[in-house]
Each structure stands twice: as structure tokens, then as C-alpha cells.
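Chemist: Quick one: this structure, given as C-alpha cells, is what I'll be asking you about.
All of the numbers you see were taken from the coordinates with simple rules; none came from a lab. Quick caveat, the model's predicted, so the values are computed rather than measured. With ideal geometry, Cβ positions are generated from the backbone for all residues, glycine too; neighbour counts draw on all protein chains shown.
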Amino acid sequence: MGFKLEPNDLIEQKGGFLTDREGNPAVIPGGWAFLPAGDAAVTRKTKAGGSFLAVRYRHGRKWFSKGIWADADIIEMAKKEVNQKRSTEDYKRRSEQVKKYRQKKEQQYAVQFEQEIADFLNFASVYKSLQDRLSKTISEYAVPVGSGTVARTKMIPIEKRAESAVIAWLRHNITEYDNMAIPRQKGARREIRRSLARASRDILDKYRKGEEIPEHCPLKRACRGL
């Protein structure tokens, strides 16, 4: 998930040193400690306990959280309170219920997403078996939480997510995209992706029409092990 920089955020530069938004070296108050990102409950309680400085780092065009600097005593108190709450039977019971609910929702989404992929592929009947294997493979790659793929976004309709997931899988598995030397020019990567997507769609159309597919077809080669 990306973040927008706030006025008091610190930026982790290359080499690991911190600066403010103006590029000045960060000054960490005495008695403060760093709390890495990862435990949302402890982070929320620490933030509620007093002043803090959030550390962001940039990846591509997005900002991501590295963690926060805050008073060491407040961090320890937050950890203690959260751990005490988590040790109760009521918390464990509710956590297990939430876990089961999320697992059920993920399973349902995986089934739905696989079907959306199959609908987009829409191969002729002679290639239905390949369609099913390909749909399952792409879904298993794209759906898991934390995969970072388009399947996890809710910014676009699920049918567009499925289409984008197919095109992305094809880009990495039937083209030379991963080994290409892409010019460092604005829009160059986007144009290459568009070109490869058009070529991938042309290949998919042959399977949709039920045409005879030659042995050297890159999709046919990529699917042999599925």
C-alpha cells in the first residue's frame, strides 16, 4: 500500500540515512527508539501515546512505511498492553473466528477470480482443457494476499483485474520482457508493455478461434508443464 508524505515524515535515502522533506539530516530526539512497521496494533497505540516521526521510503512512484521513531518508554508500554490483550482467551477466540472468516472469503475470491480469468480467455472447445489449467495457474499466482499483483486491487472491476492478470502472466512467461534492456526514457516501459500485450492478445485470439496452433507458439511452450 502506498502512502502520501506528511509534513513531519522522515525519508530513508539510499544508504539508510534519514532526512526531512527538505533533504536536511533528520534529528531524532534523545530517548527515542525505532519501531519497525509490521504490527499495526502496537504502531497505533504508540502513535496515540505521544509524538512520533514516521519513516517512509520510495519504491517506484509510491511511498511505503518503514516504521516510526517514538519515545522508547511509550513503545515498550504499547507492546506490553497489546501483548496482554492478545494473551486473553477472548482475544484468541475472536482472532480464530476472524482468521476462519478471512480464509473463507479468500477461498471464495480465488474461485471467482479463476472463473473471471476463464471467461476472459474464452478459448474454443478444443482448447478448454488448456484454458482450465491456465486459469488455475494464473489465479494461484495472482490471488494470494501479499502477491502485489493486480488481483489484489479494488481500484478496478474484477473482470479488468482478471484481464490484467492474464496479460501480466503472459508478459513474464511467453515474452522476453524480463530480459529486455529498456531505455531510460519516459514512457518507454509503458510502450513496450503495450506492444507485448497486443502480441499476447493476438495469440489468445488464435486459441479463441480454435485455430491449429504450431509447436513453436510461445504460449503452447509455456503451458506444457501446467
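Chemist: Cβ neighbours within 10 Å, averaged per peptide: list 66-76, 144-154 in order, most packed at the top. It would help to have the intermediate numbers written out before the result.
Modeler: Working: 66-76: 18.5, 144-154: 13.1.
Averaged packing, sorted descending, gives the order 66-76, 144-154.
Chemist: Right, something else. How far is helix 128-142 tilted off the main Cα axis of the chain, in degrees rounded to 10, range 0 to 90?
Modeler: Around 10 degrees separate the two axes.
Chemist: Still on this structure: Just to be sure I follow: if Rg is taken over the C-alpha atoms of the chain and Rh is the Kirkwood radius over the same atoms, what is Rg/Rh? Kindly include the intermediate steps, with their values, before the conclusion.
Modeler: Details: Rg = 23.7 Å, Rh = 21.6 Å.
Rg divided by Rh gives 1.10.
Chemist: Taking Cα atoms of the stretch 10-86, Rg/Rh with Kirkwood Rh, to two decimals?
Modeler: Numbers: Rg = 13.2 Å, Rh = 13.1 Å.
Expressed as Rg/Rh, it is 1.01.
Chemist: Beyond 29 Å between alpha-carbons counts as too far, so tell me which of Lys62/Lys206; Lys62/Lys209; Lys14/Lys100; Lys160/Lys186; Lys105/Lys220 fall in that bin.
Modeler: Details: Lys62/Lys206 38 Å; Lys62/Lys209 41 Å; Lys14/Lys100 41 Å; Lys160/Lys186 25 Å; Lys105/Lys220 33 Å.
From the list (Lys62/Lys206; Lys62/Lys209; Lys14/Lys100; Lys160/Lys186; Lys105/Lys220), the Cα-Cα distance tops 29 Å for Lys62/Lys206; Lys62/Lys209; Lys14/Lys100; Lys105/Lys220.
Chemist: What does the highest-first list of 219-225, 113-119, 50-56 look like by mean Cβ count within 10 Å? Walk me through the numbers before you get to the answer.
Modeler: Numbers: 219-225: 13.3, 113-119: 19.4, 50-56: 17.9.
Most protected by this proxy first, the peptides run 113-119, 50-56, 219-225.
Chemist: In Å, what Rg and Dmax follow from the Cα atoms of the stretch 137-226?
Modeler: For the stretch 137-226, the Cα radius of gyration and maximum Cα-Cα distance read 14.3, 40 Å.
Chemist: Would you please give the residues with an amide H less than 5 Å from that of Trp32, counting only those at least 5 places away or on a separate chain, with H modeled from the backbone geometry?
Modeler: Answer set, sorted by chain and number: Ala72.
Chemist: Ok, one more. Using only the alpha-carbon atoms, how far is helix 158-173 inclined from the longest principal axis of the chain? Give it as 0 to 90 degrees, nearest 10.
Modeler: 80 degrees
Chemist: Arranged from highest to lowest average of other beta-carbon atoms within 10 Å per residue, in what order do the peptides 179-188, 129-138 appear? Numbers along the way, then the final one.
Modeler: Working: 179-188: 8.6, 129-138: 18.3.
Highest to lowest by the protection proxy: 129-138, 179-188.
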